[in-house]
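J.: The structure's right below; bear with me while I get my questions together.
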Amino acid sequence: MSKEVDTMRAADGDRQQIADQLKSALDEGRLTLHEYDERVGLAYAARTYAELLVLVQDLPRSGMTNAEVKAQARKLARRLPTALLVLWTIWGALAAVNVVVYALVAVSVTDFVYPWPIWLLVPAVALGAVTVGVQVIRDQNGKQ
């Protein structure tokens, strides 16, 4: 959430929604009765969304099994950061345009045409190295 939303005042309905989520966590055995009582008290005393969201940030969505929670964690760990997804998308678009233009030029000219799209491998290798590095760092941080 953005910083502006975190500081916005929460409504009674928001507090009730968090209390309901805590009740579901209690029913599923994810919280002890003492933890539930403590968090519900904090939920009804919360003034902002930030104060509410911190109460449920360590809880999975209601009704999720242990296997589903682990699968979701693995999926999030594999997911590339948005910046890398954007960079790979830009590279892919540029590569596609260059290859199409090269093919059109090569078909329309009788002489040898220098294969300039081969130079697109340089940023691809660099981007690939960064991607692998990010994944290695994320794996190391996840194991700690």
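All of the numbers you see were taken from the coordinates with simple rules; none came from a lab. This structure is a prediction, so every number in the text was calculated from the model and none was measured. When we count neighbours, we look across all protein chains shown, and the Cβ atoms used for this are built from the backbone with ideal geometry, even at glycine.
J.: With the convex hull built on the Cα atoms of the range 3-65, state its orientation-averaged projected area in nm².
T.: On the way: hull surface 16.3 nm².
It is 4.1 nm².
J.: Could you work out Rg/(2.2 N^0.38 Å) for the chain, with Rg from alpha carbons only?
T.: Taking N as the residue count of the chain, the ratio is 1.72.
J.: How many angstrom separate the Cα center of the range 90-144 from the Cα center of the range 1-58?
T.: With the range 90-144 and the range 1-58 each reduced to a Cα centre, they are spaced 46 Å.
J.: Which angle from 0 to 90°, rounded to the nearest 10, does the C-alpha axis of helix 12-27 make with the longest principal axis of the chain?
T.: Around 90 degrees separate the two axes.
J.: Rank LEU85, LEU22, ALA43 by how far each Cα sits towards the positive end of the charge dipole of the chain (+1 on Lys, Arg Cβ; -1 on Asp, Glu Cβ) and give me just the farthest.
T.: LEU85
J.: So if each residue of separation counts as 0.36 nm, and I subtract the Cα-Cα distance between ALA67 and GLN140, what length gain in nm does that give? Don't skip to the answer; put the middle values down first.
T.: Details: separation 73, 0.36 × 73 = 26.28 nm, distance 2.22 nm.
Extra length available between ALA67 and GLN140 comes to 24.1 nm.
J.: In terms of the ratio Rg/(2.2 N^0.38 Å) built on C-alpha atoms, what value belongs to the range 82-143?
T.: On the way: Rg = 16.4 Å, N = 62, 2.2 N^0.38 = 10.6 Å.
This ratio for the range 82-143 stands at 1.55.
J.: Another question about this same structure. Quote to one decimal, in nm, the extra length available between THR82 and VAL122 on full extension: 0.36 nm per residue of separation minus the C-alpha distance between them.
T.: 12.3 nm
J.: Right, something else. Could you go through the range 126-138 in sequence order and give the Karplus-derived ³J(HN,Hα) for each residue, using 6.51 cos²θ - 1.76 cosθ + 1.60 with θ = phi - 60°, rounded to whole Hz, and x for Gly and Pro?
T.: Ordered by residue, 3J(HN,Hα) equals 4, 5, x, 5, 5, 4, 4, x, 4, 5, 5, 4, 5 Hz.
J.: To the nearest 20 debye, what charge dipole does the chain have about its Cα centre, counting +1 at the Cβ of each Lys and Arg and -1 at the Cβ of each Asp and Glu?
T.: Using Cβ point charges on Lys, Arg, Asp and Glu, the chain gives about 360 debye.
J.: Then there is this: 5 Å is the cut-off here: which amide hydrogens, built 1.01 Å from N in the peptide plane, fall below it relative to THR48, excluding neighbours closer than 5 in sequence?
T.: ALA10
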